[in-house]
1. So which residues in segment 32-59 are part of a helix (DSSP H, G or I), closer than 16 Å to R20 by Cβ and in contact (Cβ under 8 Å) with a residue 60 or more places away in the chain, if there are any at all?
2. Return the residues of segment 231-272 that are more than 23 Å from I135 (Cα to Cα) and among the charged types (D, E, K, R); say none if nothing qualifies.
3. Among (1) touching a residue at least 60 places away in the same chain (Cβ under 8 Å); (2) in a helix (DSSP H, G or I), there is one condition L94 misses while meeting the rest; what is its number?
4. For the condition among the β-branched types (V, I, T), over 23 Å from the mean Cα position of the chain (by Cα) and surrounded by 19 or more Cβ atoms within 10 Å (Cβ to Cβ), what is the one hit in I270, I228, I276?
5. Return the pair list, or none, for Cβ contacts closer than 9 Å from residues in segment 224-238 that are without any contact (Cβ under 8 Å) to a residue 40 or more places away in the chain to residues that are part of a loop (DSSP other than H, G, I, E, B) and of a type in the set (D, E), at least 6 apart or on different chains.
6. Inspect all residues belonging to segment 224-232 and state whether any of them is among the acidic types (D, E) and within 30 Å of Q16 (Cα to Cα).
7. Looking only at strands (runs of 3 or more DSSP E) that fall completely inside segment 109-193, which ones have 1 or more residues that are in contact with a Phe, Trp or Tyr (Cβ under 9 Å, 6 or more places away or on another chain), of a type in the set (A, V, I, L, M, F, W, C) and modelled with pLDDT of 95 or more?
8. Could you please find all residues in segment 140-172 being surrounded by 20 or more Cβ atoms within 10 Å (Cβ to Cβ) and in contact (Cβ under 8 Å) with a residue 60 or more places away in the chain?
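The values are calculated or read from the model by the stated rules, or taken from the named source; none is laboratory data. Everything quoted here is computed from the prediction, not taken from an experiment. Cβ atoms come from the backbone with ideal geometry, glycine included; neighbour counts cover every protein chain shown.
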Amino acid sequence: MSSQFGDQYLCMTFAQLTYRESLRDIETCLRTMKSKLYHMGFRSGAARNTLANANSVRDWRIYGDFAQILIRKAKALYSGEDFGIELDNAVYALDSTVIDLCLALFPWARFHKTKAAVKLHTLLDLRGNIPTTVIITPGNIHDVTILDELCLESSAIYIMDRGYLDFGRLYTIHKTPAFFVTRAKKNTKFRKMFSRPTKKSGEIMADQIGMLTGYYPRKHYPEKLRRIVYIDRTINKRLVFLTNNMNLSAKVIANLYKSRWQVELFFKWIKQHLKIKAFYGTSENAVKTQIWIAISVYVLIAIIKKQLNLKLSLYSILQVLSVALFEKTPILTALTSADYLGNRDLNYEQMPLLKETLGH
């Protein structure tokens with residue numbers, strides 16, 4: 001990463017880790033630590049106007065590409081992670097979240113007549129809760145169109161709510177071949193061919209194999225589907241699932257759909273603990289730059305947690321890093337408050353935290 005992009009990334013990462021409120025806030029805090037900036041990896045100062053211009057004109061894609069490098073590394077680290085369901089398949093949850101904006105300041109992100117917003121469409125790998133695909137769009141883009149943008153993985157399982165119910169697109173997943181688990185809509189017409197046995201007193205009320213009816217649904221998805229009727233006792237609600245997986249038990253299918261809520265928890269975490277609801281610039285480039293850097297910070301923290309085998313939560317790691325950024329301390333020492341390993345056993349230099357992570 002060039003020094004100009006590197007300084008911008010360091011400033012914005014500092015802002016994410018310490019939850020700075022504005023560009024002036026970033027500038028003031030970094031100037032206070034001016035003598036330590038070089039040791040953090042900065043090659044120049046942290047002027048507010050320079051950072052504002054960089055966020056506006058420097059292409060956000062470099063940070064999107066950098067985040068993808070980190071995502072691939074995190075996926076490899078968490079590939080054997082247990083998420084509560086024993087499966088060999090890769091399992092992904094797809095959903096989106098809306099970030100509200102002011103229409104007067106963000107006219108390019110028109111959502112409704114008087115509102116602006118961006119949508120964060122995310123495909124979350126449930127092994128480690130790693131966001132493997134992130135697509136940022138104006139708020140008026142319909143969720144289901146994002147299925148066209150995914151690079152589908154053979155044998156993977158994709159979990160999504162009924163907002164993504166488009167039988168032509170689901171058939172594309174089926175032909176990959178991959179699997180999907182979603183919810184049926186009230187008007188979904190299904191003709192049962194035969195039923196599988198279920199326990200009358202259990203949560204699974206029906207497990208059926210059949211075909212869609214209706215001209216267009218049948219045309220778009222001409223093969224057999226599985227329909228599972230499930231009673232969620234915790235919320236006393238009847239849920240109807242559709243899937244093309246004929247082998248997993250109905251209970252596992254229901255549990256897979258329940259695990260979709262991990263993507264909701266991911267959205268809640270980044271909105272609460274990172275800076276993605278208020279922005280330092282109003283251009284589309286500035287917004288996407290800030291979001292992609294926030295995602296890279298999340299993934300970096302996940303990598304640190306796994307590589308150092310830490311029991312701390314991601315939030316606890318974030319808190320420690322926020323107060324240890326300017327300390328010339330090994331990451332392991334900062335995060336464990338223990339120096340029992342000693343410098344000779346760490347086998348690396350005592351590099352500043354951000355400089356070490358970025359590989360300067």
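1. Hits for segment 32-59 are M40, L51, A52, N55.
2. D232, R233, K237, R238, K251, K258
3. Of everything listed in (1) touching a residue at least 60 places away in the same chain (Cβ under 8 Å); (2) in a helix (DSSP H, G or I), L94 misses just condition (2).
4. On the way: I270 fails: over 23 Å from the mean Cα position of the chain (by Cα); I276 fails: over 23 Å from the mean Cα position of the chain (by Cα).
Only one candidate qualifies: I228.
5. Filtered contacts from segment 224-238: Y230/E203; I231/E203; D232/E203; R233/E203.
6. no
7. Where strands (runs of 3 or more DSSP E) fall fully within segment 109-193 and carry at least 1 residues being in contact with a Phe, Trp or Tyr (Cβ under 9 Å, 6 or more places away or on another chain), of a type in the set (A, V, I, L, M, F, W, C) and modelled with pLDDT of 95 or more, they are 115-125, 130-138, 157-160, 179-183.
8. Result: I157, Y158, I159, M160, Y164, L170.
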